[in-house]
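Just so it is clear, none of the values below were taken in a lab; they were calculated from the coordinates. Every value quoted in this text rests on a predicted model; they were computed, and no experiment measured them. When we count neighbours, we look across all protein chains shown, and the Cβ atoms used for this are built from the backbone with ideal geometry, even at glycine.
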Amino acid sequence: MGSGKQKKKQAGQVGADRARDVALFRYALIRTAADESLTTRQRGVLVRELAAMEHTGPFGERVRVSRVTLDRWIRAWRTGGFDALLPSPRAAEPRTPERVLELAAALKRETPARTAAQVAAILTAHSGSAPSARTLQRHFARLGLNTHPETAGAAKAFGRFEAAAPNDRWTGDALHGPVIGGRKTYLFAFIDDHSRALVGYRWGHSEDTVRLEAALRAGLAARGVPKVVYVDNGSSFVSTQLMRALACLGIRLVHSRPGEPAGRGKIERFFRTVRDQFLVELTPDALAQVADLRRLNELFTAWVETVYHPRKHSETGQGPLERFLAPGPPALPTPAQLHEAFLWEERRTVTKTATVSLHGNVYEVDAALVGRRVELVFDPFDLSDLSVRFQGRDMGAAVPHRIGVHVHPAARSAADQQTPAPVPTGIDYLSLVHARHSDHLADRIAFADLPTPTTTDETNQDAS
């Protein structure tokens, strides 16, 4: 009995502390506007400015307060002082069952990087319902659990530009991921600027042009051809192979200025969502079930198509895929166009013996090309089959004379190192999402199942 009274006393103290924090927040907000020396006009200007801004709430959340509420708080403070700003006890009383809050806290402690919204999503997937993210956020604040490593530093400001229509502009970037099969993984992703739909994506073991092209090619095959692709200045994004692929399809390539990533806010925000909702669930136990890249791509595809794409976006008010498809299905490039676009090209001068060399291999070409600088066009995964072009005209195939290298050196991947890990609750959120996705697979587009050439398949498995 004694322990029950103790708990009630402690709960009452927590409730009183919370109410006082709320009152302090309200007082700090209206203090300047409530000054008696201000004219009605001056007060109106201050209140309008406060209502237009976002504020950090009493428990760390971002909040907006309407002008009507601010005026009500000012009146209450003038008539009743600080105590009049305290919330009513009824409003401060929690209504969420204690066992649900305990499970939520356990999920947060298990993986501290989980946000309140992510914990709510896990509870919904596990038991069919959950408290609001705001309720959980307050609960975590009471328990001192609201620490998020990703947002601990200074906040970034991103531009508000938005493309006018789907496929006007795609933004691409790479995200570092977990270690799978003893090797580091990287996610190459392209997001449609207008809709926020993830148009092309693929996990691989290297942050290079081959893995980039695998993601881009899947996106082009499924979502159509954008007018502009906007990327940074990483080595994979400035390769001649990428420039050739985009030029073949009539896509303009634009690079952000070094040190000025303006316009890249949407892909950065998406990567934060990936960290908060997908990567955070790859706990040590969950990672043990991910044997290779194929499984990682399956889980990610399930999350994108089942969770990310249907969920209403806070800025557009629509699900990303719904907004992308609103004008109708996009026109897709033909397989022949894609094949031509993703061939690689290198230039060589034809020797006096009518041969050219490429990475130690020697090929015979038309004798009429002796002394000329020609383009060698090839699949990077099969150097036994080269086409020769001169000033844009096809000059036939290069006949292999001596072949020692069958795969382009840039298509080979480099091994990486490993990382450590933390603890579990028994709820495997990503498996729940994957099962849900499998149930509805017939009604959705799954990039993992899109037909892709052998080269891409080999890429995805690269030495796993």
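List of remarks:
- Extended-chain gain in nm, criterion 0.36 nm per residue less alpha-carbon gap, Ala331 and Ala164: 58.4 nm
- Here the extension length gained between Asp21 and Ser88 equals 22.8 nm, from 0.36 nm per residue of separation less the Cα-Cα distance.
- Alpha carbon centroid spacing (whole Å) that separates the stretch 336-388 from the stretch 41-114: 68
- Exposure proxy ranking, count of Cβ atoms within 10 Å, fewest first, for Tyr186, Tyr27, Tyr429: Tyr27, Tyr186, Tyr429
- Given R0 = 30 Å, the distance between the Cβ atoms of Glu322 and Glu346 translates into a calculated FRET efficiency of 0.10.
- In this structure, Arg311 and Leu38 have a Cβ-Cβ separation that, at R0 = 45 Å, corresponds to a calculated FRET efficiency of about 0.55.
- Working from label points 7 Å from Cα in the Cα-to-Cβ sense, the Arg294 to Ala367 distance is 5.1 nm.
- Taking 0.36 nm per residue of sequence separation and removing the Cα-Cα distance, the His55/Ala106 pair yields an extension gain of 15.5 nm.
- The phi torsions of the stretch 271-280, fed into the Karplus equation with coefficients 6.51, -1.76 and 1.60 and a -60° offset, translate into couplings of 4, 5, 5, 4, 5, 6, 10, 10, 4, 4 Hz, rounded to whole numbers, with Gly and Pro shown as x.
- R0 of 25 Å, Cβ-Cβ distance Asp71-Arg134: FRET efficiency to nearest 0.05: 0.60
- Phi-derived couplings, Karplus 6.51 cos²θ - 1.76 cosθ + 1.60 at θ = phi - 60°, listed residue by residue for the stretch 24-38: 4, 4, 5, 5, 4, 6, 9, 3, 5, 5, 7, 4, 5, 6, 6 Hz, with x used for Gly and Pro.
- Ordering of 56-67, 361-372 by packing [mean C-beta count within 10 Å, highest first]: 361-372, 56-67
- The phi-based Karplus calculation (6.51 cos²θ - 1.76 cosθ + 1.60; θ = phi - 60°) puts the 3J(HN,Hα) values of the stretch 382-388 at 8, 7, 8, 10, 10, 9, 10 Hz, whole numbers, x for Gly and Pro.
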